[in-house]
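These notes concern the structure reproduced below.
The values are calculated or read from the model by the stated rules, or taken from the named source; none is laboratory data. Just so it is clear, the model here is predicted, and its values are computed rather than measured. Please note: Cβ atoms are built from the backbone with ideal geometry, for glycine as well, and neighbour counts cover all protein chains shown.
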Amino acid sequence: MRSLGQFVRVAGAVFVAGALGGCVQSASTLPACAAPKAVEAGGLAMSAEVAGTDAVARKKALAEALVEGLGPVLGVGVRSKLAFTDVAATRNGVTSESSTTSQDVEVSFGAAKVKDYSVSYCGSATGGTHAEVRLTGRELARLKRISRDATLLVVGCSSEAQGACSADLRDRAKSLAQGAGLEVGEAVLVQGEPQLEDLRTRAFTAGTSKALVLRLDAPTVYEEAPYRVCRAQVAATLFDMEEGKVLKVAKPAGFGNDGAFKGLVYADKGAPKDACSKAFREALGAVEPMTAGWRVD
């Protein structure tokens with residue numbers, strides 16, 4: 001049994017007796033343990049037994065079950081805490097002190113905090129407390145994504161020049177993401193800029209908790225003898241997909257409708273897509289130093 005003298009957060013929430021998602025009886029009325037119920041598909045069942053049958057014992061059993069059950073599954077370090085406090089009460093001018101347990105049971109695995117679980121308690125054969133804890137498949141998948149800390153890379157590209165949004169842009173963008181300190185779980189090239197819900201679906205399907213969207217546009221393509229000219233712009237946005245919020249944004253100076261980065265080729269030697277390819281390379285080169293170190297910021 002792992003010591004609970006380490007620090008761990010479960011849900012970051014405060015729990016009071018009777019509100020821990022299971023049936024929390026008084027110390028003298030814990031029922032005898034029966035065969036555990038089947039866990040839902042994709043979910044996880046965990047259990048632990050500790051000595052004692054009071055509220056402190058129930059909290060210890062809950063924390064032990066989460067620590068011992070989830071640690072091997074998530075493959076990351078775990079911290080846990082069961083805190084005790086002394087409470088002083090004054091009544092009619094007389095002060096009395098009693099030892100109690102703080103109402104926090106917190107468990108975290110890396111950056112992932114356990115939020116959604118159910119727990120039930122029963123009296124073990126040895127006279128202690130047995131805690132049976134269950135996680136849904138959805139919650140387990142969320143914890144795995146956060147513990148993995150991988151990023152979905154989406155290159156959203158649009159251009160008037162047919163063929164300008166080529167697969168090599170995805171590879172260049174992947175190098176940029178890695179330079180930002182991000183672990184790329186999957187990289188995709190799409191037309192335009194994805195909507196947030198579509199982005200979240202893509203990220204969760206890929207098992208990633210973040211998404212880096214690199215938007216590349218070539219709004220103007222024209223001929224200026226003897227050249228073909230393409231002007232491009234770029235913007236980078238890092239999303240926390242679990243919370244659905246923006247973490248970082250980078251837009252180089254000159255970001256606007258006409259495009260700040262110019263690529264050109266001789267009209268008799270290259271197509272518009274070649275000019276745009278050069279403009280896109282210039283754009284990615286400009287945004288790269290702006291994203292460096294994003295993971296550790």
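Annotations
- Among the residues making up region 190-219, a single one is surrounded by fewer than 17 Cβ atoms within 10 Å (Cβ to Cβ) and either outside the structural domain of G263 (by TED's automatic domain parsing) or more than 29 Å from the chain's Cα centre (by Cα) (or both): P219.
- Residue in region 247-254 that is closer than 18 Å to D149 by Cβ and not in a loop (DSSP other than H, G, I, E, B) present: yes
- Selection status of F255, surrounded by 20 or more Cβ atoms within 10 Å (Cβ to Cβ), of a type in the set (F, W, Y), touching a strand residue (DSSP E or B) at 6+ places or on another chain (Cβ under 6 Å) and at negative phi: no
- Positions within region 162-189 being surrounded by fewer than 19 Cβ atoms within 10 Å (Cβ to Cβ), outside any strand (DSSP E or B), in contact (Cβ under 8 Å) with a residue 24 or more places away in the chain and not charged (D, E, K, R), in sequence order: Q162, G163, S166, G179, G181
- Test result for A236, of a type in the set (A, V, I, L, M) and under 30 Å from E197 (Cα atoms): yes
- Condition broken by V296, with the remaining ones in (1) farther than 18 Å from G156 by Cα; (2) modelled with pLDDT of 95 or more; (3) β-branched (V, I, T) satisfied: (2)
- All told, A260 falls short of being hydrophobic (A, V, I, L, M, F, W, C), under 32 Å from the mean Cα position of the chain (by Cα), more than 16 Å from L153 (Cβ to Cβ) and at pLDDT below 95.
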